[in-house]
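The next block holds one structure in the form of structure tokens; read it before the comments.
The values are calculated or read from the model by the stated rules, or taken from the named source; none is laboratory data. Note that this is a predicted model, so its numbers are computed, not measured. Virtual Cβ from ideal backbone geometry, glycine too; neighbours counted across all protein chains shown. Side chains are part of the model used for accessible areas, which takes the heavy atoms of the whole protein and leaves out ligands, DNA and RNA. Shrake-Rupley method; radii C 1.70, N 1.55, O 1.52, S 1.80 Å.
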Amino acid sequence: MTESVVPGQAEDGWRSVDDGWGREAVEFATLSEPANCREYVAIHQRLGVGDGDRLLDVACGAGLAIELAGLRGASCAGIDASVRLVAVARDRSPDADLRVGDMHALPWADETFDVVTSFRGIWGTTPEVLAEVHRVLVPGGRFGLTVWGHIKVSLGAWALAPLALAAAPKVQNQAAMVALGRPGVGEALLEGGGFTDVERIDVPFVWEFADPETYARTLVSLGPAFEAIEEVGEASFVRAAVDLARERVREGLPLRAPIAVVGYIARKPATRPAVSRKSAAVVGAERSAAGFLAAPTSTPEQQRLYDDDEAGLGYVMNLSRLWAHLPAALDGLSDLLGQVVSAASITFRQRCVLVTAAASTLGDSYCSLAWGKKLADVASPEVALGVIRGDDEDLDAVEKALAKWARRVVGDPNAIGAEDVEALREAGFDDAQIFAITSFVALRVAFSTVNDALGVRPDHQLASSMPESVRSAVTFGRAVGTGDE
């Protein structure tokens, strides 16, 4: 349950995790972790954990999930970076193989475990841990992973609000950590890591507290709270938490905070994939700037695309190399986008907000970078950073309505209700504009989908030309290309 440090820190940097998560290990184990039981039981049930299973829990924290897996008949092991949390876990499960260590280098042999779990312990900032999980699983082994979902739309989002008292870089890193909960991001990462049968599920998670003071004590025991306390002091942090909770006291009922948690269920393939001989054209396509497709045959229409890019940007975009397979389709899509933008009567800044919100929700790194840069240019890097991370605080009321609408259209259009449309009317848009705005978002999603599905990577020239704070926020989607692609 405790996060590891990000790659690039000192070799033993993972040991510093104990400073935040271990300092209140007993409080965490008794006040916070019991609320996770719904999450643990749900994943164990979906994985079919039972007699004879050899199970490893990565970032096991105080070990309650291990104890519950043991009750189902599994033979358990676990690893965590906090020595003090592992001490609690060993007290709970003395027969389990529990170790203090770095989850980036699991101290077990290849193909040791039938099941691996990690409950909000592997993050968007630590994706390389999945290679270790894959290594220690037996062929056909099962993997269960949970991550925070869309916190901002959760009814219990209030309960995490005091964590934002940390310094801005810490808050930004926290946002990057939860990127795996975005639609398509976790699935793509697992499939890219060699897992199959990937399934995304909603996982029940509810915090309940007897009173505001208990809530504050619980929050103090969390690792991210340590970062906030470093910034404002423990007394101020506790006071802010208590004041916040007092507004939500209900007579005869506990304080209640349901928060979105996403689960992923996957398998390591039962057999190693057969090695096939590939044609030179296919191998070349895998390395092509046009993504997974080989560079198209040169035509006047293709050259026009390239010349336009060179004239306007000084380089040819990777997406142009892909769409050069059918330039007429790109022309048609561009014309259609122009029509709906004109009908929507929205400003360029509003277009930037719509595309950045839609692309980041979809998990499209290319358009998030491209339009995040445009938004940073027309507004500020802080505004662009916020929209990419789902924080619209720096937007005006109309822009907030547009960003929210874009995320709803991308995330789950079937869940949209009449009241959501009414919010756009209240923002000043008539029905014809609402249709055009929605069409604009849908067309942008179609464009992103083609690029992402065919493996186009963002241009390294684009990434190098934008504010570092905005670039670093895009922790999802295709990696930025090199100078050769």
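Points worth noting:
- Projecting the Cα atoms of A168, F143, A179 onto the charge dipole of the range 44-191 (Cβ charges, centred on the Cα centre) puts A168 farthest toward the positive pole.
- Accessible surface, the range 163-247, averaged per residue in Å² (probe 1.4 Å): 44
- Nearest-10 value in Å² for the accessible area of T297, using the 1.4 Å probe: 120
- Extension gain (nm, one decimal) between D331 and R246, 0.36 nm per residue minus Cα-Cα: 24.9 nm
- Among the DSSP helices (H) of the chain, none spans at least 30 angstrom by Cα along its long axis with an average Kyte-Doolittle hydropathy of 1.0 or more; this is a geometric and hydropathy rule only.
- Selected from A270, P224, G481, residue furthest toward positive end of dipole (the chain; charges at beta carbon): A270
- Contact order, relative form, for the range 66-139: 28 percent (alpha carbon pairs under 8 Å, 6 or more residues apart, mean separation divided by residue count).
- One Cα centroid belongs to the range 334-404, the other to the range 41-117; the line between them spans 43 Å.
- Across all Cα pairs in the range 183-237, the calculated P(r) in 10 Å bins from zero up to the longest distance comes to 19, 27, 20, 27, 8 percent per bin.
- Student exercise, the range 136-218 dipole from Lys, Arg, Asp, Glu Cβ charges, in Debye to nearest 20: 280
- Largest to smallest accessible area among R256, R142 [probe 1.4 Å]: R256, R142
- q = 0.07, 0.09, 0.13 Å⁻¹, the chain: log10 I(q)/I(0) [Debye, one scatterer per Cα]: -0.41, -0.68, -1.30
- Calculated FRET value between A35 and E231, using beta carbons and R₀ = 30 Å, to 0.05: 0.75
- Accessible carbon and sulfur surface of the chain relative to its total accessible area, %, 1.4 Å: 54
- Listed by chain and number, the lysines whose C-alpha is less than 19 Å from the C-alpha of K152, apart from same-chain residues fewer than 8 away, are K170, K400, K404.
- Using the Cβ-Cβ distance between R239 and D91 with R0 set to 41 Å, the FRET efficiency from 1/(1 + (r/R0)^6) comes to roughly 0.80.
- Full extension of the segment from L71 to D308, taken as 0.36 nm per residue of separation minus the current Cα-Cα distance, would add 78.8 nm.
- Relative to the Cα centre, the charge distribution of the chain, modelled as +1 at Lys and Arg Cβ and -1 at Asp and Glu Cβ, gives a dipole magnitude of about 740 debye.
- Extension reserve of the A157-N414 stretch, reckoned as 0.36 nm per residue once the Cα distance is removed: 90.2 nm
- The residues Y366, Y315, sorted by heavy-atom accessible surface at 1.4 Å with ligands and nucleic acids left out, run Y315, Y366 from largest to smallest.
- Label-to-label distance, nm, for residues given as F292 and A479 (7 Å Cα→Cβ offset): 1.8
- Taking every alpha-carbon pair in the range 422-480 and binning the separations at 5 Å intervals from zero gives 4, 15, 16, 15, 15, 12, 14, 9, 0 percent.
- For the range 315-358, accessible area per residue (1.4 Å probe, heavy atoms of protein chains only), Å²: 40
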